[in-house]
Amino acid sequence: MELMLGLGSSLLSPYLAEEAGYNNTHSLLLDGANDNFDTNFSAQTILRAAPSDGFTVSFWANPDTTGRSFLGSTAVPSTSGQLVFMINSGALLTLIRSNNKAGLEQGGSVALNEWHMYSLVISAVGAGSGSDFVDMSHFVDGVDVNSTSSFNNTTYDDLALISLPDLAIGSQAEGSASNVFDGHIDQFAIWNRAVPEAHLAALAAHPGHDYTTDSGDYASSAFLEVYYKFDNNANDSSGNGHNGETVNGASFDTNLPS
Amino acid sequence: MRTYVIIEASEVSSIDFSKVLETSANTLRYNNDGTKTFVKYTGEQPSFLNGKTTYTESEIKAILNNEKGDWYTEINLEQ
C-alpha cells in the first residue's frame with residue numbers, strides 16, 4: 001500500500017489520498033454593481049508575522065466579466081499602501097505598493113464564465129536589508145503561468161508598517177464598492193507560507209477538498225490564516241476566527257467549481 | 001430579481017436600509033463626483049423610492065462600467 005501511495009504521489013500528481021469528507025454546497029455570488037465581502041482580516045497579519053515565509057492567496061472564480069475588478073484586495077484611499085490581487089483586462093495582476101515604491105506582476109489569463117483556481121504566491125522574502133527581493137508568482141489551476149518577477153524587499157517592508165484596512169473580497173478596499181467583481185468566488189484561502197506548486201495543483205484537481213485537511217500532495221493546512229468556504233455562510237473555517245460579512249446584498253448560490 | 005435605483009447623494013439620509021440590500025450609508029457606491037449613488041431591492045418597491053427611474057441588473061452595470069461615464073474609476077497601476 002505504501003508503495004502504491006508513493007507512486008501515486010510522484011507519478012499521478014496532482015494527488016490527494018482521498019476525497020476527504022467535504023461537500024462543497026455554495027459559492028459567493030457578487031452582482032458586479034456594489035456587492036462585496038468584508039473579511040475582518042488585516043493583511044498586516046501576514047505581512048508582519050514572518051516575512052521570510054511569504055504568503056499565498058488562492059480562490060476559485062467564475063467571472064461574468066473580465067474587465068477591471070478586484071478579486072481580493074487591500075488598499076488605502078491613496079497610493080501610500082496597497083496590496084491588491086485583481087483582474088485587469090482579462091489577466092491576473094498583483095500590485096504591492098508602499099509610499100513611492102511598488103512591485104507589479106501581470107500574467108495569467110482569466111477565463112470568462114468558467115471556474116478556475118487562481119493563486120498568488122509571495123516567496124523568497126528576505127530579511128529586509130534592502131538588497132533582498134520578493135518574488136511574486138501567479139498560478140492558474142495550480143500551474144505557474146508566468147515567469148516570476150521580483151521587486152526590492154524594502155517595498156514589502158514599508159508596506160508592513162502602513163496601516164491597511166481589512167482585506168476585501170470583490171472590491172477595491174474595505175468600505176469601497178468600486179471596481180467590484182462580477183460573478184462567483186469560492187474556496188478563498190490565505191496561507192502564511194508560500195504554498196508549493198504541488199500543493200496548489202492537488203487542490204486545483206479536487207475543488208471540493210477541505211483545505212483544513214492534509215491529504216496526499218496537499219500538506220499546508222497548518223499554515224491557513226483565512227479560509228472561506230462560502231457554504232451559505234461567511235464563516236472562517238481556518239480556526240482563526242476571521243468570520244466575514246457579506247456587504248450590500250452579496251449572496252450565496254449553488255454554482256460550484258468542478 | 002433585483003431592481004436598481006439611482007438617487008442623489010443628498011437623499012442618502014432618507015434611505016430605509018431595512019428595505020434595500022445595501023448594508024449601510026458607509027458601504028454605498030458613489031459616482032466620481034460624489035453627487036449620486038444607487039440602491040437595490042427585490043420585490044415591491046420601497047415607498048421612499050416611488051417615482052424614481054428603475055434599472056435592471058444589466059442596465060445598471062452598463063451604466064457603471066461605461067468607461068466614458070461618471071461611475072468608472074481608473075486605478076493607478078504605475079510603479
>> For region B:1-35, which positions are touching an Asp or Glu at 6+ places or on another chain (Cβ under 6 Å) and not in a loop (DSSP other than H, G, I, E, B)?
In response: B:R2
> What number of residues within region B:29-40 are out of contact with any Pro (no Cβ under 9 Å at 6 or more places or on another chain) and surrounded by 20 or more Cβ atoms within 10 Å (Cβ to Cβ)?
Replying inline: 4
> For region A:207-222, what are the residues that are surrounded by fewer than 20 Cβ atoms within 10 Å (Cβ to Cβ) and either touching an Asp or Glu at 6+ places or on another chain (Cβ under 7 Å) or not in a loop (DSSP other than H, G, I, E, B) (or both)?
Replying inline: A:S215, A:S221, A:A222
>> Quick check on my filter: what residues within region A:90-114 are of a type in the set (S, T, N, Q) and more than 11 Å from every other protein chain (Cβ to nearest Cβ)?
In response: A:S98, A:N99, A:S109, A:N113
> Which ones in region B:48-74 are farther than 21 Å from A:S69 by Cα and either among the charged types (D, E, K, R) or free of Cβ contacts under 8 Å to residues at least 24 places away in the same chain (or both)?
Replying inline: B:N50, B:G51, B:K52
> Any residue at all in region A:149-169 that is away from every other protein chain (no Cβ under 11 Å) and modelled with pLDDT of 90 or more?
Replying inline: yes
> Which one of the conditions (1) farther than 20 Å from A:T25 by Cβ; (2) at pLDDT 95 or above does A:G216 fail to meet, given that it meets all the rest?
Replying inline: (2)
> Restricting attention to region B:61-79, and to residues there that are facing chain A (nearest Cβ under 7 Å) and either modelled with pLDDT of 90 or more or not in a loop (DSSP other than H, G, I, E, B) (or both), which single residue is surrounded by the fewest Cβ atoms within 10 Å (Cβ to Cβ)?
Replying inline: B:K61
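The values are calculated or read from the model by the stated rules, or taken from the named source; none is laboratory data. It should be emphasised that the depicted structure is a prediction, and the values quoted were computed from it without experimental measurement. Positions of Cβ are backbone-derived with ideal geometry, glycine not excepted, and every protein chain shown enters the neighbour counts.
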